[in-house]
Amino acid sequence: MYITVKQAAEKWGISDRRVRILCSEGKISGATREGRSWMIPSNAKKPQDGRFKATESLLAAIDRKKRELDARRPLTAGELERLTEEFIIEYTYNSNAIEGNTLTLRETDMVLRGLTIDKKPLKDHMEAVGHKEAFDFVRDLVKKQISLSESIIKQIHYLVLADKREDRGVYRRVPVRIMGAKHEPVQPYLIQPKMEQLLETYRNSTDHIIPRLAWFHIEFEGIHPFIEWKRMRKYVQNPFSENHASKTNL
């Protein structure tokens with residue numbers, strides 16, 4: 001007596017696709033193929049899952065890898081300079097490219113070295129330079145272990161939004177809507193109290209740094225404090241994560 005792939009999937013608590021893969025790999029004894037369908041003996045036993053399964057939680061794995069990284073420190077001045085230079089170039093390029101910047105990776109490198117790219121918009125140049133300035137600013141915050149505040153957030157926004165002077169470093173003063181989303185960001189008069197509450201709740205949290213940052217990011221997105229702010233979201237979390245790492249040696 002035989003059962004179908006669907007019946008086997010329901011019996012074993014796995015997906016139809018997984019059953020077909022097991023059949024094609026010959027891991028289900030007695031399974032035969034008839035046309036496009038597999039016929040599986042009703043008394044066939046569910047094969048053991050030989051796929052990799054993590055033996056530790058994701059957060060534990062992150063902590064372990066961070067300890068392994070710290071064990072290889074300190075880096076030499078040359079190593080640190082080389083890694084930092086490569087990181088900021090790729091970080092700037094990838095971050096701006098997502099938002100429509102037309103500079104290539106090589107052109108981004110050239111702009112950060114003070115050169116101008118022919119036939120490329122001034123806006124793209126300013127975005128790259130502003131991104132680099134914001135990165136350097138955040139690195140300085142980390143070195144001094146300065147906690148994130150509303151003032152710091154506005155300063156980061158001011159640096160990143162180099163091409164839109166009127167909106168730099170100030171909370172939005174008009175309501176906004178996110179196209180295609182049900183969520184409606186808070187009204188302008190609620191932005192400051194919501195930001196104060198967000199920062200206070202974060203400071204008082206004792207959760208692991210990763211879920212804390214994830215929660216902060218979601219709440220920050222929901223408030224949507226600036227008119228234009230996509231390019232600076234990633235910077236907001238860096239002082240949090242880096243300062244936490246330096247204080248707790250994670």
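Can you go through Val170, Val142, Val160 and tell me which one is farther than 18 Å from Glu221 by Cα and either in contact with an Asp or Glu (Cβ under 9 Å, 6 or more places away or on another chain) or not small (Gly, Ala, Ser) (or both)?
Numbers: Val170 fails: farther than 18 Å from Glu221 by Cα; Val160 fails: farther than 18 Å from Glu221 by Cα.
Exactly one residue qualifies, and that residue is Val142.
Would you pick out the residues in the stretch 138-178 that are farther than 20 Å from Tyr202 by Cβ and either part of a helix (DSSP H, G or I) or under 22 Å from the mean Cα position of the chain (by Cα) (or both)?
Within the stretch 138-178, the subset farther than 20 Å from Tyr202 by Cβ is 139-140, 143, 158-170, 172-178.
Within the stretch 138-178, Arg139, Asp140, Lys143, Tyr158, Leu159, Val160, Leu161, Arg165, Glu166, Asp167, Ile178 meet the criteria.
Does Tyr189 qualify as being under 30 Å from Asp109 (Cβ atoms), among the hydroxyl-bearing types (Ser, Thr, Tyr), in the same structural domain as Asp63 (by TED's automatic domain parsing) and not in a loop (DSSP other than H, G, I, E, B)?
Values: under 30 Å from Asp109 (Cβ atoms): no; among the hydroxyl-bearing types (Ser, Thr, Tyr): yes; in the same structural domain as Asp63 (by TED's automatic domain parsing): yes; not in a loop (DSSP other than H, G, I, E, B): yes.
In short, no.
Farther than 29 Å from Asp124 by Cα and acidic (Asp, Glu): which single residue out of Asp167, Asp163, Asp207 fits that description? Spell out how you get there, then give the answer.
On the way: Asp167 fails: farther than 29 Å from Asp124 by Cα; Asp163 fails: farther than 29 Å from Asp124 by Cα.
The match here is Asp207.
At least 1 residues that are closer than 26 Å to Pro211 by Cβ, in the same structural domain as Pro211 (by TED's automatic domain parsing) and of a type in the set (A, V, I, L, M, F, W, C) in each: list the helices (runs of 4 or more DSSP H) lying fully within the stretch 1-73 that qualify.
Values: elements: 5-12, 16-24, 58-71.
Qualifying helices (runs of 4 or more DSSP H): 58-71.
Pairs only if they're at least six apart or on different chains, beta carbon under 9 angstrom, first in the stretch 196-209 and over 27 Å from Ser57 (Cα atoms), second surrounded by 12 or more Cβ atoms within 10 Å (Cβ to Cβ) and of a type in the set (S, T, N, Q); list them, first residue then second.
Close Cβ pairs satisfying both conditions: Leu199/Ser147; Leu199/Ser149.
Quick one: would you say His125 is touching a helix residue (DSSP H, G or I) at 6+ places or on another chain (Cβ under 6 Å), within 30 Å of Thr201 (Cα to Cα) and in a helix (DSSP H, G or I)?
Numbers: touching a helix residue (DSSP H, G or I) at 6+ places or on another chain (Cβ under 6 Å): yes; within 30 Å of Thr201 (Cα to Cα): no; in a helix (DSSP H, G or I): yes.
So His125 does not fit the description; no.
Might you check whether a residue that is in a helix (DSSP H, G or I), farther than 14 Å from Glu150 by Cβ, among the charged types (D, E, K, R) and at pLDDT 80 or above occurs anywhere in the stretch 229-238?
No, the stretch 229-238 contains no residue that is in a helix (DSSP H, G or I), farther than 14 Å from Glu150 by Cβ, among the charged types (D, E, K, R) and at pLDDT 80 or above.
Could you please give the count of residues in the stretch 84-113 that are over 18 Å from the mean Cα position of the chain (by Cα), surrounded by fewer than 12 Cβ atoms within 10 Å (Cβ to Cβ) and either within 21 Å of Val138 (Cα to Cα) or in contact (Cβ under 8 Å) with a residue 40 or more places away in the chain (or both)?
2
Just one of Ala31, Ala54, Ala77, Ala44 is loosely packed, with under 15 Cβ neighbours inside 10 Å, at pLDDT 90 or above and at negative phi; which is it?
Numbers: Ala31 fails: loosely packed, with under 15 Cβ neighbours inside 10 Å; Ala54 fails: at pLDDT 90 or above; Ala44 fails: loosely packed, with under 15 Cβ neighbours inside 10 Å.
Every option except Ala77 fails the conditions.
Out of the residues in the stretch 110-135 meeting the condition of being touching an Asp or Glu at 6+ places or on another chain (Cβ under 9 Å) and of a type in the set (Asp, Glu), tell me which one is farthest from Phe87 (Cα to Cα).
Checking each candidate, the answer is Asp124.
The values are calculated or read from the model by the stated rules, or taken from the named source; none is laboratory data. Note that this is a predicted model, so its numbers are computed, not measured. Glycine gets a Cβ as well: all are built from the backbone with ideal geometry, and neighbour counts include every protein chain shown.
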